[in-house]
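What follows is one structure encoded as structure tokens, with my remarks underneath.
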2 protein chains.
Amino acid sequence: MPVQTSLNIPALMNIATRLRIDSVRSTTEAASGHPSTCCSAAEIVAALFFAEMRYDAADPQNPENDRFVLSKGHAAPILYAAWAEAGFVKRDELLKLRRFDSDLEGHPTPRLPFVDVATGSLGQGLGAGVGIALNARRIASDYRTYVLLGDGESAEGSVWEAGDVASFHKLDSLCGITDMNALGQSGPTHLQHDVEALADRWRAFGWNAIAVDGHDLPALLEALDKARQTRGRPTMIVARTLKGKGVSVMEGKGGWHGKALKKGEELDSALAELQSQFVPEEGPAHRPEPPRPSRRPAPKEGTVGASIYRLGDSVATREAYGSAIARLAATDDRIVALDADVKNSTFSDKFEQQQPHRFYQNFIAEQAMIGAAMGLASRGAIPFPSTFAAFLTRAYDFIRMAAISNLNIKVAGSHAGVSIGEDGPSQMALEDLAMMRAQPNIAVLYPCDGVSTEKLVERMAYHPGPAYMRTSRPKTPVIYGPDETFTVGGLKVLRQSGADVTTVVGAGVTVFEALKAYDELKAQGIAIRVIDLYSLQPIDGETLRRCARETQGRVITVEDHYPGGGIGDAVASAIAVDGFTIKRLAVPEIPRSGSPEELLDRFGISARHIIAAVR
Amino acid sequence: MPVQTSLNIPALMNIATRLRIDSVRSTTEAASGHPSTCCSAAEIVAALFFAEMRYDAADPQNPENDRFVLSKGHAAPILYAAWAEAGFVKRDELLKLRRFDSDLEGHPTPRLPFVDVATGSLGQGLGAGVGIALNARRIASDYRTYVLLGDGESAEGSVWEAGDVASFHKLDSLCGITDMNALGQSGPTHLQHDVEALADRWRAFGWNAIAVDGHDLPALLEALDKARQTRGRPTMIVARTLKGKGVSVMEGKGGWHGKALKKGEELDSALAELQSQFVPEEGPAHRPEPPRPSRRPAPKEGTVGASIYRLGDSVATREAYGSAIARLAATDDRIVALDADVKNSTFSDKFEQQQPHRFYQNFIAEQAMIGAAMGLASRGAIPFPSTFAAFLTRAYDFIRMAAISNLNIKVAGSHAGVSIGEDGPSQMALEDLAMMRAQPNIAVLYPCDGVSTEKLVERMAYHPGPAYMRTSRPKTPVIYGPDETFTVGGLKVLRQSGADVTTVVGAGVTVFEALKAYDELKAQGIAIRVIDLYSLQPIDGETLRRCARETQGRVITVEDHYPGGGIGDAVASAIAVDGFTIKRLAVPEIPRSGSPEELLDRFGISARHIIAAVR
């Protein structure tokens, strides 16, 4: 084993001890945190950061650096300790752990330049790792991706979704290490220390799996070496460890999850014990050479190009979306697309046809899809993951964490609302606007026609941070000309006059119901104002307030969505400061199968109901 | 094989053919739907419904019936056809598939008495099956639970979460059958027809797994027989099938997902082909004896009993919750609790100590936890699944489907908001109210003290349909006396006078910030009204409107939640019809680690900010 013999094992052992000391010290200073879960991972982290990974410690964002994702995010203190050992974080700073004035938070976030994705919601790191490894292919870099998982979090299905996708894509640059310390938060894990049982699961999911003693540095290094040499599939190293290793009061014992040692005797004796574990070194640890500085061209924004639709054409916004991302991708190689086996419904297959190498299939695994998108976005790609909007609820925790990371993911959800018709409520998204709008930094877009869709696809791609586009199943007429402009945070006043008795605010399919109501009412001599609120968040509150003022303070909202958290709430929130009267039309109850027209009318959001509300 | 030889295989073959004919016919009549995925499952459904399962076809809700969950819900037409074959559904009714005036929806919902949980969002059926099987233990019934899965949906991590939990609980009354037809919606599945690869995954997850030809009835019956005789672990039958089997235009072919045959030549030739597959019968199929009619006592509501708190005590609502469910369970054996490895944080461990046999551990697998709760609720239990509120986002699709099913699940989320402090944003629920309130039939409760928590636990247990309780991490003072009453849909006006200049609405931890603001302002001669909005949905709009009127139309909301979809929106929605002015205080951006007090103040929801808003 040439790799191992050239390494200085005693130096690595001492690094592991220092990582333990820093983890114990910083959590005690914070009076909270997770020293026990840091101690189980000390040899793993020492081996990765100081013998295996190639990275520039002075430039954690170097695109050629090997990447590390701490999926078991509660072990944050040892991550911070490793970067202190590497020289990037000042050791003093470690004692500010979990303080408001420090970026060393309780769980890692990308406020820190060496963190790609926020973790702390367990089971998400491997999904991100898949995306980071896919990105290496995209940019033709040979960086490797390492993900440290806990055994407890391996109960999360998202871990197995990511495992399935990683083996499908033959991601041999991806290496997971499971710190199998056998103890969850509240008791022993299901598999406890049965490393072979866990390794068998990984093998069944198509991975190379290696079981080792996670406190045996030569064994760890040998396993990492084998992983690096394995082609055609990812490797999972299942490392048997003891929670709290090295500190006898907590080593292998229950009741020590998320518990800092007390200052005084408890801390002092733990530190003395750890100090006694230092061994004589035979010289410094031999770290791999850092990668060469990157010389990649600065990225440039692309364009969807001229509109392919004409006024009066009929096209579903989902189809316009698929076409737009394909055209945009032709002009910007950061644009990638991800699917969860519905590409022929979301029309992301148009992208696949044009850019097969930047199209990533995840099968029916929405968490894996969003997780991979998070990883891709963290490394500079601009990913468009899409599925039925209803099934994005499956990945809401991933979306929440993407928002916390402020990642550049551009999520699209199709088949929104009762207007999908016969498939019934399980396929209808009626809470997606609420779910997305609840995250304060997600831009929420909901175009009604082909032109606004393609223009907004371009805008959302280059809007900094996460964005969501809701598209519809039925075809709708193109109402905007090719030169119309759209902005994140904008709206369109489609009909207005000095005599308007009320403002009707719709978006997506209800824009057309509002226009129908306008025509019918106009024939009866009643004028209404009609707004296409294609951007729910940010929202153009100023124009909404002006329109409300100009229509005697009366506003009607109409949406193919449940009442809570959608357009009605967004508009109310924007104008309520001025005390206007709002009437809301929304789907008031759980719907059922039927034709789209039947359902729009039955659930109170058709032109007929708008007219009744105006009256 | 005594079981098989006593059965009339030709009769079962003919049933399978009739099921295909009905599936093809009904989808063509509806002009949409999934005949191809019905055809692959025809022998499996025939074997289950007409040779294996013990059930009273005239009484699908008989508690002793074997249960069937169609996890691949898009195969709904064959489920309806099976119940027509069994005599419960009129055959004519099948041709009303997907119509607004029929309960035979595009995907099954519990509007139908033979459907326990709505399916159609893939990957959920096995989780529900786990709960249904756990319920058999709870009521000491020997019914068995069968779940029919698709191979496509087996990419969903939730399937593996359920698999892990089922093997942990040694659920040998649970039998899954995977219809491995190798074709997803948009292309071949990852494992295609590799039945052994899929069977190996199930074995690695602790299951008995049997690979068979899914069109070979004797082989299917033998596998079902082996499953029934297997003790100590669940069985997965991996059945190799052809999508569209029996209809050559679609058999084994791509491009036929979710596509009905066209009326005329296409339908006619398919029907002729199927008709030609009938074989001579040797007498009727021998169905197992139905179970005896059930004689179980009618359930009776229990009680939490007298309050264990006194005014001025200090207790976290999460702890009061754990204590209350334990006391309630002592008086009603339908009450069960489920955990995802945080029982010592949510205090559901108090329940486990009292009722270990009705406490179900799911490890860190929130989808499995909610899925099992759905299954339990569908069979008469009243489940209280709980975890950190932030991690309920992981199970939002399950919660959505539970709402569609209107299931009696009582979800509790602890550690809400920035008031948890140092752990940082990944552990803070700041969108849970939006997420829950977006479902129109979920009762959303948010008590602020120990007494209101225990009373509302009792109310939510017996509130029909799904309910959610949000609890907090920090201790708060008990402000209600032991005789105070609380209702789903109520609120408490805590401070009021004729001179109030504004109404301040809080809930949970912000009630105490509002009370602090009241005291400080009172000292300065300013009176405000203070409301504890412990029920966000349903909401007492009448009282809110009255208070708004009495305080000059001015309302301030304050919440430990993001601005979208929470208390501000709920109050605005309730009072906006009268055009009042609302000022909202909420967490405006992604927060970070820090102490609870620091964070409440920094993110604008402390007493200081309320006072500024009043001024």
For region B:284-292, does any single residue satisfy the condition of being touching a Lys or Arg at 6+ places or on another chain (Cβ under 8 Å), open to solvent by 10 Å² or more (accessible area, probe 1.4 Å) and among the small types (Gly, Ala, Ser)?
no
How about region B:426-449: which of its residues are open to solvent by less than 10 Å² (accessible area, probe 1.4 Å) and farther than 13 Å from B:Arg470 by Cβ?
B:Ser426, B:Ala438, B:Gln439, B:Asp449
Scanning region B:136-169 for residues that are facing chain A (nearest Cβ under 8 Å) and among the charged types (D, E, K, R), the one surrounded by the fewest Cβ atoms within 10 Å (Cβ to Cβ) turns out to be B:Asp164
If A:Glu422 meets every condition in (1) touching a Ser or Thr at 6+ places or on another chain (Cβ under 7 Å); (2) modelled with pLDDT of 95 or more apart from one, which number is that one?
(2)
For region B:598-607, state whether one or more residues are facing another protein chain (nearest Cβ under 10 Å), under 20 Å from A:Val571 (Cα atoms) and touching a residue at least 60 places away in the same chain (Cβ under 8 Å).
no
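Residue check: is B:Ala272 among the hydrophobic types (A, V, I, L, M, F, W, C) and at pLDDT below 95? Spell out how you get there, then give the answer.
Details: among the hydrophobic types (A, V, I, L, M, F, W, C): yes; at pLDDT below 95: no.
In short, no.
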Tell me, which residue of region B:482-497 that is over 17 Å from B:Tyr321 (Cα atoms) and in contact (Cβ under 8 Å) with a residue 40 or more places away in the chain is most open to solvent (accessible area, probe 1.4 Å)?
B:Gln496
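Quick grid of which residues meet (1) of a type in the set (Phe, Trp, Tyr); (2) within 13 Å of chain B (Cβ to nearest Cβ); (3) surrounded by 18 or more Cβ atoms within 10 Å (Cβ to Cβ):
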{"residue": "A:Leu171", "(1), (2), (3)": "no, no, yes"}
{"residue": "A:Asp194", "(1), (2), (3)": "no, yes, no"}
{"residue": "A:Pro218", "(1), (2), (3)": "no, no, no"}
{"residue": "A:Leu242", "(1), (2), (3)": "no, no, yes"}
{"residue": "A:Gly252", "(1), (2), (3)": "no, no, no"}
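Of B:Gly123, B:Gly73, which residue is surrounded by 18 or more Cβ atoms within 10 Å (Cβ to Cβ), of a type in the set (Gly, Ala, Ser), touching a strand residue (DSSP E or B) at 6+ places or on another chain (Cβ under 9 Å) and within 14 Å of chain A (Cβ to nearest Cβ)?
Of the residues listed, the single one that is surrounded by 18 or more Cβ atoms within 10 Å (Cβ to Cβ), of a type in the set (Gly, Ala, Ser), touching a strand residue (DSSP E or B) at 6+ places or on another chain (Cβ under 9 Å) and within 14 Å of chain A (Cβ to nearest Cβ) is B:Gly123.
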Please indicate, with yes or no, whether at least one residue in region A:242-260 is under 30 Å from A:His463 (Cα atoms), of a type outside the set (D, E, K, R) and touching a Pro at 6+ places or on another chain (Cβ under 7 Å).
no
Test for B:Arg228: is it out of contact with any strand residue (DSSP E or B) (no Cβ under 7 Å at 6 or more places or on another chain), away from every other protein chain (no Cβ under 11 Å) and open to solvent by 10 Å² or more (accessible area, probe 1.4 Å)
yes
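Residue under question is B:Pro464, and the condition is that it be at pLDDT 95 or above, in contact with a Ser or Thr (Cβ under 6 Å, 6 or more places away or on another chain) and open to solvent by 40 Å² or more (accessible area, probe 1.4 Å); does it hold? Reasoning before the result, please.
Values: at pLDDT 95 or above: yes; in contact with a Ser or Thr (Cβ under 6 Å, 6 or more places away or on another chain): no; open to solvent by 40 Å² or more (accessible area, probe 1.4 Å): yes.
Judged against the criteria, B:Pro464 is not a match.
For every residue, the table says whether it meets (1) farther than 24 Å from A:Lys300 by Cα; (2) under 10 Å from the mean Cα position of the chain (by Cα).
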| site | (1), (2) |
| --- | --- |
| A:Met369 | yes, yes |
| A:Gly380 | no, no |
| A:Pro383 | no, no |
| A:Ala395 | yes, yes |
| A:Asn408 | no, yes |
| A:Ala412 | no, no |
| A:Ala416 | yes, no |
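Here is a check on your reading of the model: is A:Asp540 at the interface with chain B (Cβ under 9 Å from one of its Cβ atoms), of a type in the set (Asp, Glu) and in contact (Cβ under 8 Å) with a residue 12 or more places away in the chain? Full working, then the answer.
Working: at the interface with chain B (Cβ under 9 Å from one of its Cβ atoms): no; of a type in the set (Asp, Glu): yes; in contact (Cβ under 8 Å) with a residue 12 or more places away in the chain: yes.
Answer is no for this residue.
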Filter region B:601-615 for residues that are under 19 Å from A:Asp103 (Cβ atoms) and either more than 34 Å from the chain's Cα centre (by Cα) or surrounded by fewer than 18 Cβ atoms within 10 Å (Cβ to Cβ) (or both) and give the result.
B:Arg602
Among the residues of region B:12-38, which ones are of a type outside the set (Gly, Ala, Ser), over 31 Å from the mean Cα position of the chain (by Cα) and more than 18 Å from A:Ser593 (Cβ to Cβ)?
B:Leu12, B:Met13, B:Asn14, B:Ile15, B:Thr17, B:Arg18, B:Ile21
In region A:69-114, what residues are in contact (Cβ under 8 Å) with a residue 24 or more places away in the chain and over 19 Å from A:Asp22 (Cα atoms)?
A:Val69, A:Ser71, A:Thr109, A:Pro110, A:Pro113
Taking A:Glu598 and the conditions (1) closer than 23 Å to B:Pro440 by Cβ; (2) surrounded by 21 or more Cβ atoms within 10 Å (Cβ to Cβ), which numbered condition does it fall short on, given that it satisfies the others?
(2)
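Here is a yes/no grid of residues against (1) small (Gly, Ala, Ser); (2) in contact (Cβ under 8 Å) with a residue 24 or more places away in the chain:
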| site | (1), (2) |
| --- | --- |
| A:Ile177 | no, yes |
| A:Leu183 | no, yes |
| A:Ala199 | yes, yes |
| A:Ala204 | yes, no |
| A:His215 | no, yes |
| A:Glu222 | no, yes |
| A:Lys226 | no, no |
| A:Thr230 | no, yes |
For A:Glu85, all conditions in the list (1) in contact with a Leu (Cβ under 8 Å, 6 or more places away or on another chain); (2) crowded, with 24+ Cβ neighbours inside 10 Å hold save one; what is the number of the exception?
(2)
Give the number of residues within region B:105-120 that are more than 8 Å from every other protein chain (Cβ to nearest Cβ) and not aromatic (Phe, Trp, Tyr).
7
Look through region A:386-412, keep the residues that are among the aromatic types (Phe, Trp, Tyr) and over 21 Å from B:Met428 (Cα atoms), and return whichever of them is surrounded by the fewest Cβ atoms within 10 Å (Cβ to Cβ).
A:Phe391
Which one of these is within 14 Å of chain B (Cβ to nearest Cβ) and either open to solvent by 10 Å² or more (accessible area, probe 1.4 Å) or without any contact (Cβ under 8 Å) to a residue 40 or more places away in the chain (or both): A:Ser32, A:Ser26?
A:Ser32
Failed condition for A:Thr346, given (1) within 14 Å of another protein chain (Cβ to nearest Cβ); (2) under 17 Å from the mean Cα position of the chain (by Cα); (3) under 25 Å from B:Asp151 (Cβ atoms); (4) not acidic (Asp, Glu), with all others met?
(2)
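The values are calculated or read from the model by the stated rules, or taken from the named source; none is laboratory data. Everything numeric in this text was worked out from a predicted model, so none of it was measured. Please note: Cβ atoms are built from the backbone with ideal geometry, for glycine as well, and neighbour counts cover all protein chains shown. All accessible areas refer to the heavy atoms of the entire protein, side chains included, with ligands and DNA or RNA removed. Shrake-Rupley method; radii C 1.70, N 1.55, O 1.52, S 1.80 Å.
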